[in-house]
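Notes for the one structure printed next.
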Amino acid sequence: MRLLQGICNWVIHPLCLWVMFFKMYSIRLLCFRICVAISLWLFSPVMGSSQEINDVPDETTENAAVESTERWEEFEENEAFAGKLADLRLHPVRINQADKEELERLFMLNEFQVLALLDYRKTYGSFSSPYELANVPGFSTDLARQVSGFVIIEPDKWDVPSVKEAFMQGKHTLILRLQEPMQKQAGYRDGYYQGSPLKFYLRYAYRYNTSFSAGYTMEKDPGEPFPYFPAGSLADFTSAYIRTDQNGILRRFVAGDYQLAFGQGLVMWNSYATGKGSGLIDFRRRAEGICRFSSAEENRFFRGAAGTLGLGNTQFSFFFSSKPVDANVTRFDSYSNQVLEFSSLLTTGYHAAPDEIRNRKSVDQTVIGMNATAAFSDFRIGTTWVHYSFDGFWRPYPEPYRLYVFRGRENTVSGIDWQFQRGDFFLFGEWAMTSNKAAAWNAGFLLKPDPAVMASAGLRKYAPAFNNLFARPFGETYNGSNEEGIYCGLELQIFRNIIVKGYIDVFAFPWLKYEVDAPSEGSEKMLQVSWNPEKMLSMSLRFSVESKEKNGISDKNGLTALSTYNTRNVRYYLELNPSEEWSFRTRMYAGMFHTNNSNAKISTMLAEDVLWNLTGRKVRITMRYALFDIPDYESRLYAYENDVPMVYSVPSFYGKGTRIYILGLFRPVRWLEAGIKIAGTSFLNRYEIGSGETRIGGNRKTDLGFQLRLSL
């Protein structure tokens, strides 16, 4: 690992030295010069050949991005989703060689579509073009177009190359991204933040078919010093890995940074996982085993080594990790320079403020574990064991809702997962137990009785005392603790171009939660109708209703009773493609939020997108104009925005105002792509934005972003 980091420091870091010089100037000057250069190229004669830009996210991708942000409201989950999509972009699925496990990386496909693709390939042979996917039973034209962006057609056989040949024949990608707000927050003006508001991101990825890949990532968040010499490198966060996949006994090996995904997420899952809000009736966790770490999220990964051995129909995976993590330190021994106690782990990844810098990488975390999986013709069973420890004592603050929260230096979790398949019927589940004897389990099934019908259902029960730092099962809670529930989903293809999806989820929380001082319950319902009458027109209408219990208003004796918080949302999506050059997208959002003790709050938002493709110039311009009227933060709405490739923006809106952005993507030659985005929000009912160190004077906020991608 140190050798790999050393290579990256000597090879990649010199490419970034110019950024240190760039700090003397504003990003606005750079963007202005780039715009001038692009304009001169745009209106000059076209020289040479190039490749069309085809990186417009579809509705399924948008729903998944919005769901991740709405449900968890955490930066790390949005970064995990971006990392998942980036990994598929940089390491696409080889459609003619991929097995079932590899195809399941395509999260937009359900279980039955994966099997249909395998059957089609077995019957008709290799695909000659990604667009041939439209001929697979159960694949619509839109789905085939969506999948085509994440797959490649490559020869079935590869000769064993030399190191030089592998380097020359492999795919190299370098991404440089810069983002900066035009208005400075108060924390920059008074010196509270230690660095500039510039956000810097650099990533290098290498791939030689599916047998070998490597990558390096460096990121500086807004407010962080740059260069960040206390981190031992230019930036606050650096990450690197090498990975090899073979057909022998050693199936897979990763050194450096990686993620894991086993079973149904109860024992070990720190990779991205889809949720209910994405509209996927197939809610089963798809375990990839050992995964590349392709995100800029600074906490949810392992650093060490992991490998998978294959013996017949059985696979054994082993993993080890040791790295420092951010923690809220409560007791510190200055004599031995050692953390004695900490109250929680910090997952924002920001190290700009004094407290953030002080808690940065303050506790050492060690993880060791294994997984064994045996696969038969229609049955698969696996077992996972993990043990993790800290060099300090985890002692949470003594609050009632934290009664069952983990406390100590180490924890052990083990479990069993299974999957049974017979025709179009799938049965799956997992059971797990922690070292304190608390158990958790989930189980479900998928059924496709007819080509036009798919149904699913699941049960889950996670004990309040079930504490696992690396759990990520299906459900309302983030880490699979203190929850019981039942889920039912149904998808119907009424006509050839009309699809109806819906689900009902009823859940309960046996113990207290944050801002919920009693056991509580709730429910969530969703119904979506999609209509795609022809290639140039598609639309969908989505209704969702959520009900949860939270603390209400305290009475004169200081007692707080639970109130029911009801949220109703409607989303309308319309896409019109009158020609190859023009595309129009309309999004309408409406929400109603109320409790049993208050009047309803109505939130509305209307966004209109215009996409202009200049096919002869290999240019795409995307523009948005949006209006929003939202009473307060409690009734906020989330809206997906187009951005530069491999960036997924889902900002929240509250107040009254407008949102405008323009995004330009330029690909003058096949190996070079540049993107620039200017976005601005103007509020009608505010005289300042934010508070404290994040306060901005005035009612406007403008952001600039630039990305350069080289693919060789």
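Computed over the chain, the per-residue total of -39500 (n - 2.57) for DSSP H runs of n ≥ 4 gives a 222 nm mean residue ellipticity of -4500 deg cm²/dmol, rounded to 500. Computed from label points 7 Å out along Cα-Cβ, the spacing between PHE376 and ALA518 is 5.0 nm. Proximity of backbone amide H atoms, modeled 1.01 Å from N, is registered between TYR625 and GLU608 at under 5 Å, excluding neighbours fewer than 5 places apart on the same chain. Once the C-beta distance of LEU576 and SER652 is scaled by a Förster radius of 22 Å, the resulting FRET efficiency is 0.20 to the nearest 0.05. Distant-in-sequence amide contacts of LYS361, defined by a placed amide H-H separation under 5 Å and a gap of 5 or more residues or a different chain, comprise ASP326, ALA327. Dimensions of region 609-712 from C-alpha coordinates, computed as largest minus smallest value along each principal axis and given longest first, are 46, 28, 21 Å. Exposure proxy for MET108, MET268, MET218: other Cβ atoms within 10 Å of each Cβ, ordered fewest to most, give MET108, MET218, MET268. Sequence-ordered 3J(HN,Hα) estimates for region 629-646 from the Karplus curve with 6.51, -1.76 and 1.60 and θ = phi - 60° stand at 9, 10, x, 7, 5, 5, 10, 4, 10, 10, 9, 6, 10, 5, 8, 4, x, 6 Hz, glycine and proline given as x.
Over the chain, what relative contact order in percent results from Cα pairs under 8 Å that are six or more residues apart? Relative contact order for the chain comes out at 11 percent. Footprinting exposure proxy ranking of ASP355, ASP417, fewest other C-beta atoms within 10 angstrom first, gives ASP355, ASP417.
Between the beta carbons of PHE420 and ILE498, assuming R0 = 30 Å, the FRET efficiency works out to 0.40 to the nearest 0.05. Gain on full extension, evaluated as 0.36 nm per residue between PHE167 and SER711 minus their Cα-Cα distance, stands at 194.5 nm. Relative protection proxy for 671-682, 400-411, from highest mean packing down: 671-682, 400-411 (other beta-carbon atoms within 10 angstrom). Take each peptide in 423-429, 661-667, count the other Cβ atoms within 10 Å of every residue, and average; sorted highest first, the result is 661-667, 423-429.
Per-residue extension of 0.36 nm, minus the Cα-Cα distance of ALA561 and PHE212, leaves a gain of 119.9 nm for this segment.
Taking the Cα centre of region 162-245 as reference, the dipole from Cβ charges on Lys and Arg (+1) and Asp and Glu (-1) amounts to some 240 debye. For GLU608 and VAL669, the FRET efficiency from 1/(1 + (r/R0)^6), where r spans their Cβ atoms and R0 equals 30 Å, is about 0.40. Each peptide in 316-329, 459-472 gets a packing score, the mean of other Cβ atoms within 10 Å over its residues, and the list from highest to lowest is 459-472, 316-329.
Taking region 377-405 and a reference point 7 angstrom along Cα→Cβ of GLU341, the backbone N atoms nearer than 14 Å belong to 392-399. Note on region 162-245: Rg/Rh from Cα positions, Kirkwood definition for Rh, rounded to two decimals, is 1.16. In sequence order, region 318-331 has phi-based couplings of 10, 8, 9, 8, 8, 7, x, 10, 6, 8, 7, 6, 10, 9 Hz under the Karplus curve 6.51 cos²θ - 1.76 cosθ + 1.60, θ = phi - 60°, and Gly or Pro positions carry x. Working from Cα pairs under 8 Å separated by at least six residues, relative contact order for region 336-416 is 31 percent.
Averaging over all projection directions, the Cα-based convex hull of the chain occupies 32.0 nm² in the image plane. Residue by residue, region 658-664 carries 3J(HN,Hα) couplings of 10, 9, 9, 8, 10, 10, x Hz when phi is fed to the Karplus relation 6.51 cos²θ - 1.76 cosθ + 1.60 (θ = phi - 60°); x denotes Gly or Pro. Can you work out D for region 540-611 in µm² s⁻¹ from Stokes-Einstein, where Rh is the Kirkwood radius over C-alpha pairs, the temperature is 25 °C and the viscosity is 0.890 mPa s? Translational D for this selection: 164 µm²/s.
Proximity of backbone amide H atoms, modeled 1.01 Å from N, is registered between GLY392 and ASP364 at under 5 Å, excluding neighbours fewer than 5 places apart on the same chain.
Taking other Cβ atoms within 10 Å as a rough exposure proxy, LYS164, LYS184, LYS550 sort from fewest to most as LYS164, LYS184, LYS550.
Each value in this text was obtained by applying a stated rule to the coordinates, not by laboratory testing. Everything quoted here is computed from the prediction, not taken from an experiment. Cβ sites come from the backbone with ideal geometry, for glycine too, and all protein chains shown count toward neighbours.
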